[in-house]
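The next block holds one structure in the form of structure tokens; read it before the comments.
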Amino acid sequence: SADRYDLIVATHALLQAERDQGIPSLNWQTFERALDPDPQSAFERRTGLDARLAYVTAAMAPGGRLIVFEKARQTARRVPFQRALAARGFTLREPPLPLRYMLVEEVADDGPLYVVGRVTDGSPAHAGLVWDEAPELNAEEEVSRCSGDAATFVWERLPDRAVTREAEWVDPRHGSIRVEWGTSQTILSYLYLTTGQTFRGILVWSQRPGPEVASQVARELEGAKLRGSGLGDLLRATWPAPASQEEVEQTPLYENHTAAAQHVWSWLPCRRVLQGSMSEAPDGRQRHLEHGTVAGLAYLYCANTFDQRQLVMVEPPRASLILRYYEELLQVG
């Protein structure tokens with residue numbers, strides 16, 4: 001058809017290869033990608049993105065817009081997807097919008113949602129909107145959280161627990177509320193909340209400057225206390241569903257599987273590495289794995305060139321969990 005369209009909406013249509021890992025970073029310590037046309041072209045061919053974008057660009061009217069929503073949340077997929085759009089003259093018309101929504105009974109983090117247009121006939125790009133290739137980072141990602149028996153399990157095992165603040169009140173719906181803030185060793189802080197016999201939740205984060213999630217939760221708790229309502233919504237939004245009873249004793253003191261794990265790991269003072277491994281594939285992919293001790297805790301850290309990061313910490317009596325996990329990861333390769 002010779003029809004040209006002022007607006008095209010593409011939802012999960014351009015980048016259908018969900019299992020494609022994308023393009024690796026320069027090394028396991030960075031999220032940056034090389035400006036190399038070969039892996040970019042290979043990605044576009046593998047996923048069929050090149051042909052689909054050719055069809056879309058041919059169908060767009062000059063000055064038209066494209067609203068696109070794909071499964072490109074992972075940095076390794078988002079970067080080559082954005083580069084493919086940019087290479088065809090698309091520029092951002094609005095800031096990209098990461099979306100979270102319910103999918104049956106699971107929460108899906110998807111997108112981002114892009115609103116883009118093509119630069120044609122010398123028309124200028126929209127000032128101030130540039131393609132961002134950095135990983136998504138926010139304070140919430142530095143916080144480890146669990147509820148139910150697992151929360152009490154973690155709270156009871158935090159070494160050298162020192163309470164820094166306490167608050168208690170009675171909620172009209174949830175009964176007696178108790179909140180405890182404190183520190184563990186020299187590297188962890190925590191917030192532990194109980195509501196009578198019905199709810200227990202804990203947040204654990206590093207003492208490095210930055211995370212303000214606990215302060216935000218404290219403000220929201222104070223608001224719920226003053227209003228006498230809204231506490232249930234806050235608990236559901238802040239804590240995940242309780243772990244199964246079989247998983248409780250495997251719950252770490254701190255666990256992080258996001259890009260923020262690298263920042264916490266880099267900050268950990270006086271790490272002592274007991275064992276480490278770095279593997280590299282012929283195509284340049286790398287994976288770093290180490291376990292050791294820090295401030296009396298046992299830890300494991302894993303990082304690769306597809307943006308996977310993992311940091312786990314446990315107290316000394318459960319250090320064997322870290323060693324077992326390290327050996328299992330070595331076997332995976």
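Every read-out reported here was derived from the displayed coordinates using simple, explicitly stated rules and does not represent laboratory data. Please read these numbers as outputs of a predicted model, since none were measured by experiment. FYI the Cβ positions are ideal-geometry reconstructions off the backbone, even for glycines, and counts take in every protein chain you see.
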Using 15 Å as the cut-off for backbone N distance, which residues of segment 8-26 belong to the label zone defined by a point 7 Å from the Cα of ASP110 along Cα→Cβ? 10-19
Per residue Cα convex hull volume for segment 5-135, in cubic angstrom? 120
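VAL248: net charge of surrounding residues, Cβ under 14 Å, Lys/Arg +1, Asp/Glu -1, itself excluded?
Working: positive: ARG157, ARG200, ARG318; negative: ASP149, GLU156, GLU246, GLU247, GLU249, GLU255.
Within the 14 Å Cβ shell, the charges total -3.
Express the relative contact order of the chain as a whole percentage, based on alpha carbon pairs under 8 Å and six or more residues apart in sequence. Write down the numbers at each step before the final one.
On the way: 621 pairs, mean separation 51.5, N = 333.
So the answer I get is 15 percent.
If you place +1 on the Cβ of every Lys and Arg, -1 on the Cβ of every Asp and Glu, and leave all else neutral, what size is the dipole of segment 1-121 about its Cα centre, to the nearest 20 Debye? Present the calculation step by step, with values, prior to reporting the outcome.
Working: 16 positive and 16 negative charges, 34 e Å.
Result for segment 1-121 is approximately 160 debye, rounded to the nearest 20.
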When the chain is fully extended, how far beyond the present Cα-Cα distance does LEU274 get from GLN250, taking 0.36 nm per residue of separation? 6.5 nm
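If you average the sequence gap of Cα pairs under 8 Å that are 6 or more apart and divide by the length of segment 73-198, what percent do you get for the contact order?
Numbers: 152 pairs, mean separation 20.3, N = 126.
Value for segment 73-198: 16 percent.
Calculate the FRET efficiency for LEU35 and ARG161 from the Cβ-Cβ distance with a Förster distance of 51 Å, rounded to the nearest 0.05.
Values: r = 49 Å, r/R0 = 0.96.
E(calc), rounded to 0.05, equals 0.55.
If packing is taken as the average number of other Cβ atoms within 10 Å across a peptide's residues, how do 165-174, 298-307 rank, most packed first?
On the way: 165-174: 12.2, 298-307: 23.3.
Ranking, from highest mean packing down: 298-307, 165-174.
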Show the residues, 5+ positions off or on another chain, whose built amide H is closer than 5 Å to the amide H of ALA17. none
Could you let me know the centre-to-centre spacing of segment 230-247 and segment 260-297, using Cα atoms, in angstrom? 30
With the convex hull built on the Cα atoms of segment 140-248, state its orientation-averaged projected area in nm². 6.6
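Can you sort MET102, MET278, MET60 so the residue with the fewest Cβ neighbours within 10 Å comes first?
Working: MET102 8, MET278 12, MET60 20.
Ranking MET102, MET278, MET60 by Cβ neighbours within 10 Å, fewest first, gives MET102, MET278, MET60.
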Kirkwood Rh over alpha-carbon pairs of the chain, then Stokes-Einstein at 20 °C and 1.002 mPa s: what D in µm² s⁻¹, rounded to an integer? 95
Quick one: 3J(HN,Hα) in Hz for segment 176-190, Karplus 6.51/-1.76/1.60 with θ = phi - 60°, rounded, Gly and Pro as x. 5, 10, 10, 10, 10, 9, x, 10, 9, 6, 10, 10, 10, 10, 8
Model label zone, TRP267; criterion: amide N under 14 Å from point 7 Å along Cα-to-beta-carbon; scope segment 158-191: 184, 186-190
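Using a Förster distance of 56 angstrom, determine the FRET efficiency expected from the C-beta separation of ARG285 and TRP169, and round it to 0.05.
Details: r = 53 Å, r/R0 = 0.94.
That gives a FRET efficiency of 0.60.
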Using a Gaussian network model of the chain whose springs link C-alpha atoms within less than 10 Å, name the residue from ASP50, ASP36, ASP110 with the highest mean-square fluctuation. ASP36
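Could you work out the helix-only [θ] at 222 nm for the chain, with each DSSP H run of four or more residues adding -39,500 (n - 2.57) and the total divided by the number of residues, to the nearest 500 deg cm²/dmol?
Working: 9 runs with 93 residues, N = 333.
When only DSSP H runs of four or more count, the value is -8500 deg cm²/dmol.
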Pairs of Cα atoms under 8 Å, at least six residues apart: use those to get the relative contact order of segment 284-333, whole percent. 30
Rounded to whole Å and ordered largest first, report the semi-axes of the equivalent ellipsoid of segment 221-333 derived from its Cα gyration tensor (root of 5λ). 33, 17, 15
Expected max-MSF residue from GLY89, GLY117, GLY128 in the GNM of the chain (alpha carbon, under 10 Å) is GLY128
